[in-house]
């Protein structure tokens, strides 16, 4: 059987004896290394890995005992096998000394070749097996270290993955659960408890308790989904609502998957729950906004259509100016309402917007506190103010530099009272007929807003009193599409 050769060191100061040892040990098939003195043997040991040392006890300079002591002092050679050869009869004390120096055996002279070969062979084989075992142990340790490192790396990745999953679940308002179909045992993670608004230490997860947290309208839907598993379904996804113990209703989307045994029987159901309440609310807000935008657009278009259709003028230019002025008034109030996200508009801003086209200096005096108007009220009142400013600029106090206009308003018991008082302008005569502007103003204030509009055509200037309810249930509950219809109808009646 082929095996790796080991080195055997032969130490003796007599060449003839060294040659004899070589002849005796040649048949072992090992590497024989020669050293003719103790010092030469030490040099060989430092350069070569030696399995067995065969050393003569009686040598000049360093005898066998002294060489053995020096060899044993080196950590590398503390276990190297040494066989002493002695040409003199050694006593038990000498043997004891040799053993103390690290010798493993004695061979007397004359040497019996078979005995020497047997002894050297045993220790050479022992050395070989020892080295093989060390290599195997080293290989095993390397593999253990590699496997340990692999497991540690795998564990670290698993821990990191779990941390990422936990972070994702926390950030994404997610929870996971597991249901043993056979025993009925449930397992919820922290996210699942958080979504349902309960605490692990006080809430027992079982079908009855879980069902008690489901919205009554969604219980049958989930029960049917679970029943499908017995019919072969392997996964489902559905939206449902839960009612937390504090009464908060949450929208969730749930996904579940089945684990079956070899026969296909359901043994476990696992799933994930995601809280989508914010998404649902955003969708509701978006739908409401879409309906509101549609309503506002239709309302504005209906008003613009009515203005275009019902405006009267003797000349094309006058007609265009009248239409543009009224549509611009609508556009201005629309901008104000858009800036407030259609929450309302301040009366003073409506007046300022209508004043903007005129360079009147100190002709106008305003007095009143801040009043927030609802969108519908703001639109209607903006058109009414536009008509008053337009008529005043054409025929009233604002048509001359000497004219003065005072606008004052106050609120009492949710009723806005606005006084428009002109003075210092041209002589005023009561009109024989009411124009479109006056009639549309009356129609919008009285019919649309449920208020009153009173005109006093005094000689020194117009005095107009508008009373507008700030809260009107009929207006607040008007369905989309009705406001524009009523606006158009009122303007049509105003046109006479």
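The values are calculated or read from the model by the stated rules, or taken from the named source; none is laboratory data. This structure is a prediction, so every number in the text was calculated from the model and none was measured. All Cβ positions, even for glycine, are placed from backbone atoms using ideal geometry, and neighbour counts span all protein chains on display.
Residues in region 1-48 that are assigned to a loop (DSSP other than H, G, I, E, B) and in contact with a strand residue (DSSP E or B) (Cβ under 6 Å, 6 or more places away or on another chain): 4 in all.
If you check residue 57 against the conditions, is it in contact with a helix residue (DSSP H, G or I) (Cβ under 8 Å, 6 or more places away or on another chain), surrounded by 13 or more Cβ atoms within 10 Å (Cβ to Cβ) and closer than 20 Å to residue 114 by Cα?
Values: in contact with a helix residue (DSSP H, G or I) (Cβ under 8 Å, 6 or more places away or on another chain): yes; surrounded by 13 or more Cβ atoms within 10 Å (Cβ to Cβ): yes; closer than 20 Å to residue 114 by Cα: no.
When the stated conditions are applied, residue 57 does not pass them.
Applying a threshold of 9 Å to beta carbon distances and a minimum spacing of six or more residues, or different chains, the list of pairs starting in region 35-53 at a residue that is on the phi < 0 side of the Ramachandran plot and not assigned by TED's automatic domain parsing to the domain that holds residue 68 and ending at one that is assigned to a loop (DSSP other than H, G, I, E, B) and crowded, with 21+ Cβ neighbours inside 10 Å is empty. Does at least one position in region 355-369 carry a residue that is under 52 Å from the mean Cα position of the chain (by Cα) and surrounded by 19 or more Cβ atoms within 10 Å (Cβ to Cβ)? No, there is no match, as no residue in region 355-369 is under 52 Å from the mean Cα position of the chain (by Cα) and surrounded by 19 or more Cβ atoms within 10 Å (Cβ to Cβ). A single member of 246, 262, 178 is assigned to a loop (DSSP other than H, G, I, E, B) and in contact (Cβ under 8 Å) with a residue 40 or more places away in the chain, and it is 246. Could we say that residue 128 is under 26 Å from residue 9 (Cα atoms) and over 31 Å from the mean Cα position of the chain (by Cα) here? When the stated conditions are applied, residue 128 passes them.
Before we move on, is residue 237 surrounded by fewer than 16 Cβ atoms within 10 Å (Cβ to Cβ), at pLDDT below 90 and part of a helix (DSSP H, G or I)? No: the conditions fail for residue 237.
Scanning region 102-112 for residues being part of a loop (DSSP other than H, G, I, E, B) and either at pLDDT 85 or above or touching a strand residue (DSSP E or B) at 6+ places or on another chain (Cβ under 8 Å) (or both) gives a total of 4. Hey, among 250, 279, 265, 244, which residue is surrounded by fewer than 18 Cβ atoms within 10 Å (Cβ to Cβ), at pLDDT 70 or above, under 29 Å from residue 188 (Cβ atoms) and in contact with a helix residue (DSSP H, G or I) (Cβ under 8 Å, 6 or more places away or on another chain)? The match here is 244.
Can you tell me which condition residue 62 does not meet? The list is (1) assigned to a strand (DSSP E or B); (2) crowded, with 20+ Cβ neighbours inside 10 Å, and all the others hold. The failed condition is (1). Could you tell me whether region 73-80 includes any residue that is farther than 19 Å from residue 15 by Cα and either surrounded by 13 or more Cβ atoms within 10 Å (Cβ to Cβ) or at pLDDT 85 or above (or both)? Yes, region 73-80 contains at least one residue that is farther than 19 Å from residue 15 by Cα and either surrounded by 13 or more Cβ atoms within 10 Å (Cβ to Cβ) or at pLDDT 85 or above (or both). Put simply, of 115, 122, 144 the only residue that is outside the structural domain of residue 57 (by TED's automatic domain parsing) and part of a helix (DSSP H, G or I) is 144.
Would you confirm whether or not region 197-204 contains a residue that is closer than 18 Å to residue 177 by Cβ, surrounded by 14 or more Cβ atoms within 10 Å (Cβ to Cβ) and in contact with a strand residue (DSSP E or B) (Cβ under 6 Å, 6 or more places away or on another chain)? Talk me through it step by step, then tell me what you get.
Step one: of region 197-204, the residues closer than 18 Å to residue 177 by Cβ are 197-204.
Narrowing further to those that are surrounded by 14 or more Cβ atoms within 10 Å (Cβ to Cβ): 197-198, 203.
In the following step, the residues that additionally are in contact with a strand residue (DSSP E or B) (Cβ under 6 Å, 6 or more places away or on another chain) were identified as none.
The answer is no, given that none of the residues of region 197-204 is closer than 18 Å to residue 177 by Cβ, surrounded by 14 or more Cβ atoms within 10 Å (Cβ to Cβ) and in contact with a strand residue (DSSP E or B) (Cβ under 6 Å, 6 or more places away or on another chain).
Of the helices (runs of 4 or more DSSP H) contained entirely in region 388-496, those carrying at least 2 residues that are modelled with pLDDT of 70 or more and crowded, with 19+ Cβ neighbours inside 10 Å fall at 436-442.
Condition first: out of contact with any strand residue (DSSP E or B) (no Cβ under 9 Å at 6 or more places or on another chain) and in the same structural domain as residue 181 (by TED's automatic domain parsing). Can you find one or more residues in region 233-244 that meet it?
As a first pass, look at region 233-244 and keep what is out of contact with any strand residue (DSSP E or B) (no Cβ under 9 Å at 6 or more places or on another chain): none.
The answer is no, given that none of the residues of region 233-244 is out of contact with any strand residue (DSSP E or B) (no Cβ under 9 Å at 6 or more places or on another chain) and in the same structural domain as residue 181 (by TED's automatic domain parsing).
Please verify whether region 361-378 includes one or more residues that are assigned by TED's automatic domain parsing to the domain that holds residue 289 and at pLDDT below 80. Yes, that holds for at least one residue.
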